[in-house]
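Take a look at the structure below.
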Amino acid sequence: MRSPKNFFAPLAVGAPAPLREVPATASRVIHFLDPSNEKMTAKVPAMVGTVDVLLGNLEDGVKADRKIAAREGLVRLGQSVDFGPTQLWTRLNALDSPWFLDDVTTLVPAIGATLGVVMVPKVEGAEDIHYVDRLLAQLEARAGLTRPILVHAILETARGVANVEEICTASPRMQGLSLGPADLAASRRMKTTRVGGGHPGYVVRADPTPGDPDAPRASVQQDLWHYTVARMVDACAAAGIYPYYGPFGDIGDSVGCEDQFRAAFLLGCVGAWSLHPSQIAIAKRVFSPSAQDVAHARRVVAAMGDGTGAVMLDGRMEDDASLKQCRVLLDLAERLATLDPELAEAYSAEAGS
Ligand code: GLV
Ligand code: MG
């Protein structure tokens, strides 16, 4: 454990100073693309501004014989595209893979100034973050970077979940965590075969009717990911970093995707991955507070005056604590509105109605 006195000292001579706060940029939708796929990369310039984050994926989903093409494709993207308001992130290969070292030693000097965040998959504990932290500092110093590259860990091993708090606080580089439900299911030996989402077998059933054991009994599907998402949200909030739902693999099930994303949003997540263009609009809609919620929050703020005491609004009691929730929502809405003109308009139209 590093002493609080030198926690923010650069880990290599000449490396940029670590950030004290994670930049509060929009990251409602992290759109995944395979940089080895030329049809996909050709579309990137047109996607700038339509997603918050474009992520060049180097890990799972990219075939072993395309790993180097993906890395090189990402370098070409980083060097040739003007990303404007959209952030460029990558998902590196796993630390124990044959590709990780070349991924970082290639990307940092080539596109380190453009790369905002690197996702590190299958993080097991603080030791993984410490290794990446020092390596990035050395490479940043050598490349003469002036801004540190941030680290986002994927929570996708049972040990990672057990160590989630220490992962979040392992370095000032930590930007956030994503749930990795597919790898996590395998690591935990869950008996599912899906990438995120629910399962029809994971239900709670009503008791039998007394005297009529064969009568139909209602059952409701439960959320396989509730525990992990909630745990991840607490660990991230306590560390001042951001939690994200990860992938939802059933691309055709837009309703299920929206429900999973919304449950994560309501629990405290700030964004999710999109694996297909059809999921971009879902993530943007879900992870932006609705105009109605923003209007309600503004009414509570106005009604609460100096922010203390209690008032009745539409038959409901509002007090200092509900005001705090409204402020969380308004802070997010105001930040997103500065980046998204459509949202700014929706929020001001609702205020005027
Ligand atoms: C994502 O990487 C997952 O394993 O779900
Ligand atoms: Mg995974």
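For the chain, give me the percentage of DSSP beta bridges that are antiparallel, rounded to the nearest 5 percent. Roughly 20 percent of the DSSP beta bridges within the chain come out antiparallel. Backbone phi angles across the range 327-339, fed through the Karplus curve with coefficients 6.51, -1.76 and 1.60 (θ = phi - 60°), yield HN-Hα couplings of 5, 4, 5, 5, 4, 5, 4, 5, 5, 5, 5, 6, 9 Hz in residue order; Gly and Pro are listed as x. Using a Gaussian network model of the chain in which every pair of alpha carbons under 10 angstrom is joined by a spring, one finds that among Pro247, Pro181, Pro277 the greatest mean-square fluctuation is at Pro277.
Among residues other than Leu19 with Cβ under 9 Å from its Cβ, the summed charge is +2 (Lys and Arg +1, Asp and Glu -1). Computed over neighbours whose Cβ is under 15 Å from that of Asp214, the net charge equals 0, Lys and Arg +1, Asp and Glu -1. Counting only DSSP H runs of at least 4 residues, each contributing -39500 (n - 2.57), and dividing by the residue count of the chain, the helix-based mean residue ellipticity at 222 nm comes to -13000 deg cm²/dmol.
Stokes-Einstein diffusion for the range 145-281 at 20 °C, viscosity 1.002 mPa s, with a Kirkwood radius from C-alpha pairs, works out to 130 µm²/s. Each Lys or Arg adds one and each Asp or Glu subtracts one; over the other residues with Cβ under 10 Å from the Cβ of Phe287, this totals +3. With Cα atoms defining each centre, the range 15-60 and the range 278-353 are spaced 27 Å apart in the structure. Every Cα-Cα pair in the chain was counted, and those over 30 Å apart are 42% of them. Just checking the listed ones, Leu107, Leu92, Leu313: in the Gaussian network model of the chain with Cα springs under 10 Å, the one fluctuating most is Leu313.
Determine the distance separating the Cα centre of the range 84-124 from the Cα centre of the range 168-235; give it in Å without decimals. Comparing the Cα centres of the range 84-124 and the range 168-235, I get a distance of 29 Å. Under a Gaussian network description of the chain, with springs only between Cα atoms under 10 Å, the residue in Pro341, Pro45, Pro85 that fluctuates furthest is Pro341. Taking amide H positions as modeled 1.01 Å from N, with prolines and chain starts lacking one, the residues under 5 Å from Ile30 and 5 or more places away or on another chain are Ala272, Trp273, Ser274. For the range 147-157, 3J(HN,Hα) computed residue by residue from phi via the Karplus equation (6.51, -1.76, 1.60; θ = phi - 60°) reads 10, x, 7, 8, 10, 10, 9, 9, 8, 8, 9 Hz, glycine and proline entered as x.
Values in this text are rule-based calculations from the coordinates and carry no lab data. This is a predicted model, so every value here is computed, not measured. Using ideal geometry, Cβ is built from the backbone for each residue, glycine included, and neighbour counts are taken over all protein chains shown.
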